[in-house]
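To keep things clear, I will list the structure first and then write my remarks on it.
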Amino acid sequence: PEIEGDAPVAFKQQFAVLANPVILSALLLVLFREIGNSVMFTYVTSYLGTILQRSASDIGFIMLTFGIAGALGSRLGGSAIDKWGSVRIIVISLTGHVLTLALLPLAVHSFPLAMMLLSLWVMSMFIMGPATQTYFIEKAPQSANLIISLNTSVTQVGLAAGAGVGGMAVTLNSTVLYNPWVASIALLLSFAAAAVSIRKSRKPQAVAA
């Protein structure tokens, strides 16, 4: 059906929202999270093949498993936000991101353990999506459409940058083995940005209208 569209947003207003440190740091959270995930996910097929010694048919089945883990993560993330709130889910999800990828290079000699860590990482990745969207809506309800649009743009920049960083890591180390650690560094930066945003959001003067 025909619906009334949003009112046009002036270009200046689009940049003005970035003056809010709660929103700016939350966008940095998204940027570094996507960089970290892309460092790993862009090269996950190579990781499965060269590091975990899986065949092409095995990799196809594993990617299906990751898809199921992602679907479960999205569902759990939406339900968990209703129960525990977006902030708590963001913290839990980022903790899962960092721990699983930090431990992964140490678990490559145990395929079941490596698969468990990878599946938990993918699940954490998809749990995070609903949490960040909800967080933006909660912190700036009057600018939610604009900020979610910026969030999408930042996500794409992060994915591209992460693929590039992952490629540089492979070139430097001549292996994808250490890409999870490189990803963990980016995710720790995401964690730091999340901490800044959450702390500032608790100050009334920092919350956007």
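Values computed for the structure shown
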| item | result |
| --- | --- |
| First in the stretch 84-111 and closer than 18 Å to I23 by Cα, second anywhere and surrounded by fewer than 18 Cβ atoms within 10 Å (Cβ to Cβ) and among the small types (G, A, S), Cβ under 9 Å, 6 or more apart | V91/A195 |
| Failed criterion for E2 (all others in (1) exposed (fewer than 14 other Cβ atoms within 10 Å of the Cβ); (2) modelled with pLDDT of 90 or more hold) | (2) |
| Residues satisfying the stated conditions in the stretch 175-190, i.e. assigned to a helix (DSSP H, G or I) and open to solvent by 60 Å² or more (accessible area, probe 1.4 Å) | W181, I185, L188, L189 |
| Enumeration of residues in the stretch 31-62 that are touching a residue at least 12 places away in the same chain (Cβ under 8 Å) and among the hydroxyl-bearing types (S, T, Y) | S38, T42, Y43, T45, S46, Y47, T50 |
| Residue within the stretch 64-75 that is farther than 23 Å from A131 by Cα and either in contact with a Phe, Trp or Tyr (Cβ under 6 Å, 6 or more places away or on another chain) or assigned to a helix (DSSP H, G or I) (or both) present | yes |
| Residue that is most open to solvent (accessible area, probe 1.4 Å), among those in the stretch 63-77 that are in contact with a Ser or Thr (Cβ under 9 Å, 6 or more places away or on another chain) and in contact (Cβ under 8 Å) with a residue 24 or more places away in the chain | T65 |
| Count of residues meeting criterion [open to solvent by less than 20 Å² (accessible area, probe 1.4 Å) and more than 18 Å from the chain's Cα centre (by Cα)] in the stretch 78-118 | 3 |
| In the stretch 15-42, the residues that are surrounded by fewer than 20 Cβ atoms within 10 Å (Cβ to Cβ) and closer than 24 Å to M123 by Cβ | L28 |
| Some residue of the stretch 81-97 being under 19 Å from L189 (Cα atoms), part of a helix (DSSP H, G or I) and in contact with a Lys or Arg (Cβ under 8 Å, 6 or more places away or on another chain) | yes |
| Any hit, the stretch 139-148, residues being over 20 Å from L24 (Cα atoms) and either out of contact with any helix residue (DSSP H, G or I) (no Cβ under 8 Å at 6 or more places or on another chain) or not in a helix (DSSP H, G or I) (or both) | no |
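The values are calculated or read from the model by the stated rules, or taken from the named source; none is laboratory data. Being a predicted model, the structure only gives us computed values, none of them experimental. Cβ: placed from backbone, ideal geometry, glycine included. Neighbour counts: every protein chain shown. The accessibility values were calculated without ligands, DNA or RNA, using every heavy atom of the protein model including side chains. Shrake-Rupley method; radii C 1.70, N 1.55, O 1.52, S 1.80 Å.
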